[in-house]
Amino acid sequence: MKKKNIISVLLTVVMLFAMMPFSGAANVERVTTETVDLGDGFTAKITTTVIIGSVQGRAGEQTAVGKKETDVIYNGSKIGEFKITGNFSYNGSSAWATSDSCSASAKSGYRYSGKSSSHSGATVRGSCTFTGNGANKYVTLSLTCDRNGNVS
């Protein structure tokens, strides 16, 4: 009889923990994709991903991570990709960028240069130039967070 009671209590505890939300878990808020004509035979397929984080140390302060990645396409062929990432904090009355990063890659026969990112206020910006095989295109991306954690 005691063994059944112990097992019953253990199962109840396990079920309680399984039903509790994990406050540290991030969830993907939104993923959007758009195609933009850059002119001169260039197009960009831009994917934006927004991830909402957990509550931080200060009351009401939350975090969001925005990632914007573009496939750079020249005359129908992908020649490279460029991505920026911005970390943001917001509290309902204001928002601010806390860090930024970027990365780039180029397909064979092409190269990238001038890859950089920066943040100011609630905006993260990045830029990169792709060249090769007659191509020469300067690409810029930006992410902005509003006071409610909406990143675009």
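Lys67 satisfies every condition listed in (1) closer than 18 Å to Thr123 by Cβ; (2) at pLDDT below 60 except (2).
Count of region 109-146 residues, restricted to those that are over 21 Å from Gly39 (Cβ atoms) and polar (S, T, N, Q), is 6. Against the numbered list (1) of a type in the set (Ser, Thr, Tyr); (2) touching a residue at least 40 places away in the same chain (Cβ under 8 Å); (3) over 17 Å from Thr48 (Cα atoms), Thr131 comes up short only at (2).
With respect to Tyr74, is the statement that it is more than 20 Å from Thr144 (Cβ to Cβ) and crowded, with 18+ Cβ neighbours inside 10 Å true? Here the answer is yes, as Tyr74 does meet what is asked.
Take the conditions (1) within 30 Å of Gly134 (Cβ to Cβ); (2) at pLDDT below 95; (3) open to solvent by less than 30 Å² (accessible area, probe 1.4 Å); Gly41 misses just one of them, which is (3).
Yes or no, residue by residue, for (1) surrounded by fewer than 13 Cβ atoms within 10 Å (Cβ to Cβ); (2) out of contact with any helix residue (DSSP H, G or I) (no Cβ under 7 Å at 6 or more places or on another chain); (3) of a type outside the set (Lys, Arg):
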residue	(1), (2), (3)
Lys68	no, yes, no
Gly109	yes, yes, yes
Ser120	yes, yes, yes
Phe130	no, yes, yes
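When Leu16 is tested against (1) aliphatic (A, V, I, L, M); (2) open to solvent by 90 Å² or more (accessible area, probe 1.4 Å); (3) at pLDDT 75 or above, exactly one condition is not met: (3).
Being surrounded by fewer than 20 Cβ atoms within 10 Å (Cβ to Cβ) and more than 17 Å from Ala44 (Cβ to Cβ) is a property that does not hold for Ser105.
The values are calculated or read from the model by the stated rules, or taken from the named source; none is laboratory data. All of these numbers come straight from a predicted model, not from anything done at the bench. Cβ sites come from the backbone with ideal geometry, for glycine too, and all protein chains shown count toward neighbours. SASA here: full protein model, heavy atoms, side chains in, ligands and nucleic acids out. Shrake-Rupley method; radii C 1.70, N 1.55, O 1.52, S 1.80 Å.
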